[in-house]
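Right, one structure below, let's go through it.
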Amino acid sequence: MNISNEGSVNAKRGWNVKGKITTLLFGVACYIQGKQLVALPSLMTTTVEYTQHVRPTFKEILEASNPQSDKLWRHHYERYYERWLASYRDIDNFRMVEIGAKEGASLGVWAKYFTNPSLILGLAYGASMDDLEKVKSDALKAGVLNAGSLLIMEGDQGSKEVLKKICEKGPYHIIVDDGSHYPPHMVLGFAELFRDCLVPGGLYVIEDLETNYWKKGKKIYGYPVSGGIGKTVSAKDSAVEKFKQLIDVLPRYQLNVEDFTILPGDELICSIEFGMNIMAFHKCTEQHLFDRPETAPFGSVLNITMYEEHIKEARSTNARDFFNSAY
Ligand SMILES: C[S@@+](CC[C@H](N)C(=O)[O-])C[C@H]1O[C@@H](n2cnc3c(N)ncnc32)[C@H](O)[C@@H]1O
């Protein structure tokens, strides 16, 4: 069996697997003998050439990309994306944004993976118009067939104005934060984009969580981090610590504390997945919200004062200098 990647068109649509099948067929020979119809069994062989349409996996597309995104060779995020992306692959007019466009490597990968994207938006930071053109042409070289679906804009993800502009081009099925990796930016992006700019049932991914653990004095893209682990770090400085807090509001419906919230939109989270340096928020569909867990029927089971205190404390680490006290 010969698997061949026959140029970019086939790479977009899938790879052709060619082969031959030789089959033994039982034929039926019929002839008229006088007025009688006689059926005689006969053995025949036949060889059929076929071309089967097989789509490349996310990993195969990453492997074929040039330049190659570090999602593959450094992080091996394909192990998560393969599963996370599958149910979005064939959505008509699929829309996504990736914060952190770099050389456009991953933009080309998204564009190849999704069957019918109407928007793949990349945020490139500190880029000149020339840079943006280069990012775009590199992405085109990397395999974006429908150039109209690719949009690159310049901007700083630490700016609410920029996040607002991104949101205006939404809503998106998928939002990926692969930008500065500065922990407060991770939280700000989630707070600004998850609730209003992601469709119900959408996926919000944050890559490269390792910077949350880097010690004070280290920098990422020029941003001074102040990370740590457990009690050595405040949730003001660690997005991982901040997002861990959200686990405590997931049972809100069953516990009859629907209004307990830490970050905007956390009432719309259906699940949170942590992987190796990467995490994903799965946003509830409308059906999920309709079918939300019922309040426990056995009266008040909660030490409400303790719960309230906990939520209040969690909210106090919402890094208000970033959020302008809005949350
Ligand atoms: C890890 S790279 C992106 C890689 C790319 N997504 C890929 O997989 O091929 C991160 C990018 O985020 C950009 N970046 C740094 N600070 C940023 C900020 N404040 N806002 C937006 N992007 C930023 C960097 O310039 C860099 O190009």
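No value in this document is a laboratory result; all are computed from the given coordinates. Just so we're clear, the structure is a prediction, and the values are computed from it rather than from any experiment. We place every Cβ from the backbone using ideal geometry, glycine too, and count neighbours over all the protein chains shown.
Rounded, prolate or oblate: which fits the range 58-323 when a ≥ b ≥ c are the square roots of the eigenvalues of the alpha-carbon gyration tensor, with rounded for a/c under 1.5 and prolate only if a/b beats b/c? Show your work: numbers first, answer last.
On the way: a/c = 2.07, a/b = 1.48, b/c = 1.40.
Taking the square roots of the gyration eigenvalues as a ≥ b ≥ c, the range 58-323 is prolate.
What distance in nm separates the simple spin-label points at residue 221 and residue 160, each placed 7 Å from Cα in the Cβ direction?
It is 2.0 nm.
Exactly which GluC sites (Glu not before Pro) in the range 269-323 are in a DSSP loop and have at most 14 other Cβ atoms within 10 Å? Display every interim value, and only then the final one.
Numbers: sites: 273, 286, 294, 308, 309, 313; in loops: 294.
Within the range 269-323, the qualifying GluC sites (Glu not before Pro) (loop, at most 14 other Cβ atoms within 10 Å) are 294.
Using a 10 Å cut-off around each Cβ, can you sort 106, 65, 234, 271 from fewest to most neighbouring Cβ atoms?
Values: 106 28, 65 22, 234 15, 271 11.
Listing 106, 65, 234, 271 from fewest to most nearby Cβ atoms yields 271, 234, 65, 106.
What ranking do 181, 288 get, fewest neighbouring Cβ atoms within 10 angstrom at the top? Don't skip to the end; give the middle numbers.
On the way: 181 23, 288 15.
Ascending Cβ contact count within 10 Å gives the list 288, 181.
Indicate the gyration tensor shape class of the range 167-309 (rounded, prolate or oblate), computed on the Cα atoms with a ≥ b ≥ c the square roots of the eigenvalues: a/c under 1.5 is rounded; otherwise a/b larger than b/c is prolate and the rest oblate. Numbers along the way, then the final one.
Working: a/c = 2.62, a/b = 1.39, b/c = 1.88.
Because a/c hits 1.5 or more and a/b fails to exceed b/c, the range 167-309 counts as oblate.
Order of 188-196, 216-224, 111-119, 156-164 by packing, highest average Cβ count within 10 Å first?
On the way: 188-196: 21.4, 216-224: 11.9, 111-119: 19.6, 156-164: 16.0.
Highest to lowest by the protection proxy: 188-196, 111-119, 156-164, 216-224.
Tell me, 95, 55 in order of fewest to most beta-carbon neighbours within 10 Å? Show your work: numbers first, answer last.
Numbers: 95 22, 55 15.
By the 10 Å Cβ count, ascending, the order reads 55, 95.
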